[in-house]
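Taken together, the values in this text are just the output of simple stated rules run on the coordinates, not laboratory data. What you are looking at is a predicted structure, and each value in this text was computed from that prediction instead of being measured. As a convention, Cβ positions derive from the backbone with ideal geometry for all residues, glycine included, and neighbour counts pool all protein chains shown.
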Amino acid sequence: MSKQVKNLIVKDYRARFDGLSDAMLISIRGMKAIDTTKVRRTLNGKKIRITVVRNSLARKSFAGTGLEPLAKMLTGASALAYGGESVVEVAREIVALVKDFPGIELKGAILDGTLFEGDKGVKELSKFPTKDEAIGQVITLVVSPGRALAGQILGPGRTLGGLVKAIEAKLEKGETIAKKAS
């Protein structure tokens, strides 16, 4: 391959992966074409893309970007999986697909500059909460003390309100209210 073609490929990688700092590296080598198509179609429906890359050219395009730590894992057949809401979602989807398509090799992933290496690292990443889930958990933690406090404040008021309502109902029926002996 000529140097000009290589430079064009590196330029294409940089344009395609521009602004991308979280991604996952996999290998789909050895998979049948039909299985590869099924995997791509499944992931594409969830807005997750897979791009097969040439290792040496990908290393050049990753240099100076958030994907640079993945460069050391670029050995053998490599494909970059990215997109979706976050790399956690990408990892979850691909880990789920490994059960049906054991030909997928999990090489690693990067999330906010943290590198998750190999099969074990990617499976660990897939158990992380997504951004939306994490926000929901934080909101729940922030709101729960206030909810508990409101319950404590409203509890006695509800009890008193119930007593007043019971007295009112008795008086409307014409019943007398007896004093309670202390």
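The label point for residue 42 and the one for residue 85, both projected 7 Å from the Cα toward the Cβ, are 2.0 nm apart. Rounded to whole numbers, the Karplus 3J(HN,Hα) couplings from phi for segment 110-121 are 10, 9, 6, x, 8, 8, 10, 9, x, 4, 4, x Hz, using 6.51 cos²θ - 1.76 cosθ + 1.60 with θ = phi - 60°, and x at Gly and Pro. The Kirkwood radius of segment 83-152, taken over pairs of alpha-carbon atoms, gives through the Stokes-Einstein law at 25 °C and 0.890 mPa s a diffusion coefficient of 177 µm² s⁻¹.
Computed 3J(HN,Hα) for segment 134-140, one whole-Hz value per residue from the Karplus formula 6.51 cos²θ - 1.76 cosθ + 1.60 where θ = phi - 60°, is 5, 4, x, 5, 5, 4, 4, glycine and proline marked x. Relative protection proxy for 152-165, 33-46, from highest mean packing down: 33-46, 152-165 (other beta-carbon atoms within 10 angstrom). Taking the Cα centroid of segment 14-87 and of segment 132-166, what is the distance between the two, rounded to the nearest whole Å? Distance between centres, Cα-based: 47 Å. Taking 0.36 nm per residue of separation and subtracting the Cα-Cα distance, full extension of the segment from residue 32 to residue 55 would add 6.1 nm. Phi-derived couplings, Karplus 6.51 cos²θ - 1.76 cosθ + 1.60 at θ = phi - 60°, listed residue by residue for segment 22-31: 10, 7, 10, 10, 10, 10, 10, 5, x, 7 Hz, with x used for Gly and Pro.
Computed over the chain, the P(r) tail beyond 25 angstrom holds 51 percent of alpha carbon pairs.
With a simple spin-label model that places each label point 7 Å from the Cα along the Cα-to-Cβ direction, the separation between residue 152 and residue 178 comes to 3.7 nm. With a/c under 1.5 counting as rounded, go ahead and sort segment 141-182 into rounded, prolate or oblate using the C-alpha gyration tensor (a ≥ b ≥ c being the square roots of the eigenvalues; past the cut-off, prolate if a/b is larger than b/c, else oblate). Here segment 141-182 falls in the oblate category.
Working note: 222 nm ellipticity from helices only, DSSP H runs with n ≥ 4, each -39,500 (n - 2.57), summed and divided by the residues of the chain, gives -18000 deg cm²/dmol to the nearest 500. The packing ranking of peptides 104-113, 56-65, 127-136, highest mean first, is 104-113, 56-65, 127-136, where packing means the average number of other beta carbon atoms within 10 angstrom of each residue. For residue 107, the residues whose amide H sits under 5 Å from its own are 25, 26, 27, ignoring neighbours fewer than 5 places away on the same chain, with H placed 1.01 Å from N.
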